[in-house]
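All remarks here apply to the structure that follows.
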Amino acid sequence: MIQIDREITQDFERASGLEWLETNGLGGWAGTTVAGVHSRRHHGLLVAATEPPSERTVLLSRLDETLHLEGETYELSCNQFPGAIAPRGFEHLTSFRKDLFPVFEFEAGGVRLRKTVAAVDGENTTLVLYEVLEAPGPFILSLRPFLAARDQHALASANPRISEETPFEDGVLRLRPYPDVPEVFVQAPGADFRPNPQWWYRFEYEKDRRRGFEFQEDLWTPGIFGRELAPGDRLGIVLSTRNPQGRDAFVLFEKERKRREKIVKALPVQDDFARFLALAADSFVVRRGSNQRAVVAGYPGSGERSRDTLIALPGLCLVTGRHEDAKKILRAFAKSPLADPASDAPFWLFVASWKYLQATGDEAFVRETLLPALRKVVHACDKGKLQGIETADVNALWYNALAILANIEARVGDPEETKRLSQRVKRVQKEFQEAGSLFALSLPFSPVSKPKAAKLLAAIEEEMDLGTGWNPLLGPYLTALVRVHGAAGRKKALAIVERLKPRLIEAGVGSLSEEAPAWSVAEALRAYVEDLKGGETGTPKKPSPEPKAPAKRGR
């Protein structure tokens, strides 16, 4: 568990620089800063993936809380306006912790209130759960929702087009601000609702301002919810694009908690670093349709990218035991392996396919679905049809692709093709021109000879900064260290991980960076499990690039 105490939570500069993120398995999310103030346009409490996984709409921007007791008022929210931070709810925030979910604890007027936020997997739904830990007596918790109802990259401005209808029935408020925006439902069991539709002006987003973007936005509020609470009470708010009538926020939360616990328990390595990377990795694997999976390249704002997906797949899906998700992703790429010929994406399909076969032993799927696709890529490269790589420029990815195909042919394919490919692999290795690329050392099959590998790695290290900072090539670097230096390399790699662990409570809390791309997080997890902890988990060793052809069999 990551625990941040009041020394940080009540320091606005520090708390507003830390971000948390909850994702919903569709590409949508809830997320903002620990202080509660939005620092960028992508922050929001219900950011819906309207066309999973890429199209997102910031529907409900925030839900501001106020405590009323014994004639006093305590505001727990935090906003930035021109020249002012108001209210200053972070001053009542005594702790923030992140394990499976982000959890906040507030103290004000003798009330200790715990708030937990959770995005529900597979739907555009956010849960906000309140628990009264202590209180001198009954008090009123009021909640004011603010809507943006705009594209994730845009900003809202006050306008007369917004619908101010606020139907409220059986604890559910229904809002349809614009005809082309999804309906928003806010369920607050046992609460009353006082309509008071109005615009609030010039919310400021500091990170956008620093980056030179437009940074002011107007938000619309329909009114205020009110609910009396007493010591021991709890209140579960459901924010959703589907009608939550009859649903219980705490039941939904318990289901989501069990799903995440299952992800952690499936890990072959059980420690905090692997746990947090696995939970971060979970956010990138999303649904696309009823029986398809995709990978979001990064949050916030990114969609799918073929290259990123294939590089990330082993870390996101294989070391975490999500083999069916991997299969669905690979099946989609196998249907059109040359869909992105202008990049090296087709060659990462070889790595993902080989890792899948190692992890699952699913020879039937590899033989029937992946092998034809891999053959097609090599054939296209031989014909000069790929723009991202030319065989004349012999490089590590091309060598690796041929070696993988030779091994797969030997295991499930054509014995004669195995012999031909094995000979090509030897020729390509002789022609290989060294380049300062970590991938040349970290791919499943490296063309770099052992005597030259240490020299190449040393040259790369001179240009890398892995002191206490985050480098997106961390995963390949850890793998290269172990490949080149063995036990000494593993020791050095583990020391690097130890120095990086404090990054889990900086910027993006619970991940290695506030905007770490999917493949970067995934590769760090893969290398940590396979290479640094491989001896503990029984991870298969690197196979030989010179496979023996199997006995001929009927075809």
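The values are calculated or read from the model by the stated rules, or taken from the named source; none is laboratory data. Nothing here was measured: the structure is a model prediction, and the numbers come from that model. Here the Cβ positions follow ideal geometry from the backbone for every residue, glycine too, while neighbour counts run over all protein chains shown. Quick note on the areas: whole protein, heavy atoms, side chains included, nothing else; ligands and nucleic acids left out. Shrake-Rupley method; radii C 1.70, N 1.55, O 1.52, S 1.80 Å.
Taken together, 156, 118, 191, 148 contain a single residue that is among the aliphatic types (A, V, I, L, M), open to solvent by less than 30 Å² (accessible area, probe 1.4 Å) and over 30 Å from residue 54 (Cβ atoms), which is 191.
Table: residues versus (1) of a type outside the set (S, T, N, Q); (2) open to solvent by 20 Å² or more (accessible area, probe 1.4 Å); (3) in contact with a Pro (Cβ under 7 Å, 6 or more places away or on another chain).
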{"position": "285", "(1), (2), (3)": "yes, no, no"}
{"position": "288", "(1), (2), (3)": "yes, yes, yes"}
{"position": "321", "(1), (2), (3)": "yes, yes, no"}
{"position": "327", "(1), (2), (3)": "yes, yes, no"}
{"position": "334", "(1), (2), (3)": "yes, no, no"}
{"position": "337", "(1), (2), (3)": "yes, no, yes"}
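Cβ-Cβ distances below 9 Å connect the following pairs, each with a first residue in the range 370-387 that is closer than 14 Å to residue 406 by Cα, a second residue that is buried (at least 20 other Cβ atoms within 10 Å of the Cβ) and at pLDDT below 90, and a separation of six or more residues or different chains: 377/386. The set of residues in the range 483-496 that are open to solvent by less than 40 Å² (accessible area, probe 1.4 Å) and within 16 Å of residue 273 (Cβ to Cβ) comprises 493, 496.
From 241, 221, which residue is open to solvent by less than 10 Å² (accessible area, probe 1.4 Å) and among the polar types (S, T, N, Q)? Can you show your working first?
Details: 241 fails: open to solvent by less than 10 Å² (accessible area, probe 1.4 Å).
Going through 241, 221 in turn, the sole match is 221.
The range 43-121 holds strands (runs of 3 or more DSSP E) entirely within its bounds, and those carrying 2 or more residues that are of a type in the set (Val, Ile, Thr) and modelled with pLDDT of 95 or more map to 55-69, 111-119.
Within the range 274-294, the set of residues being in contact with a helix residue (DSSP H, G or I) (Cβ under 8 Å, 6 or more places away or on another chain) and farther than 10 Å from residue 26 by Cα comprises 274, 275, 276, 277, 278, 279, 280, 281, 282, 291, 292.
Say whether the condition of being touching a residue at least 24 places away in the same chain (Cβ under 8 Å) and not in a helix (DSSP H, G or I) is met by at least one residue in the range 417-428. Scanning the range 417-428, I find no residue that is touching a residue at least 24 places away in the same chain (Cβ under 8 Å) and not in a helix (DSSP H, G or I), so the answer is no. When 142, 157 are screened for being in a loop (DSSP other than H, G, I, E, B) and polar (S, T, N, Q), only 157 passes.
So which helices (runs of 4 or more DSSP H) stay within the range 301-416 end to end and still have 1 or more residues that are in contact with a strand residue (DSSP E or B) (Cβ under 9 Å, 6 or more places away or on another chain) and either at pLDDT 95 or above or over 21 Å from residue 523 (Cα atoms) (or both)?
Correct list: 306-313, 323-335.
In the range 516-530, the count of residues that are modelled with pLDDT of 75 or more, surrounded by fewer than 22 Cβ atoms within 10 Å (Cβ to Cβ) and assigned to a loop (DSSP other than H, G, I, E, B) is one or more. Among the residues making up the range 251-275, those that are touching a Gly at 6+ places or on another chain (Cβ under 9 Å) and either open to solvent by less than 10 Å² (accessible area, probe 1.4 Å) or assigned to a loop (DSSP other than H, G, I, E, B) (or both) are 266, 267, 268.
Only a single criterion out of (1) touching a Ser or Thr at 6+ places or on another chain (Cβ under 9 Å); (2) closer than 22 Å to residue 46 by Cβ is not satisfied by residue 277, namely (2). Is it the case that some residue within the range 207-221 is of a type in the set (Ser, Thr, Tyr), within 31 Å of the chain's Cα centre (by Cα) and part of a strand (DSSP E or B)? Yes, the range 207-221 contains a residue that is of a type in the set (Ser, Thr, Tyr), within 31 Å of the chain's Cα centre (by Cα) and part of a strand (DSSP E or B).
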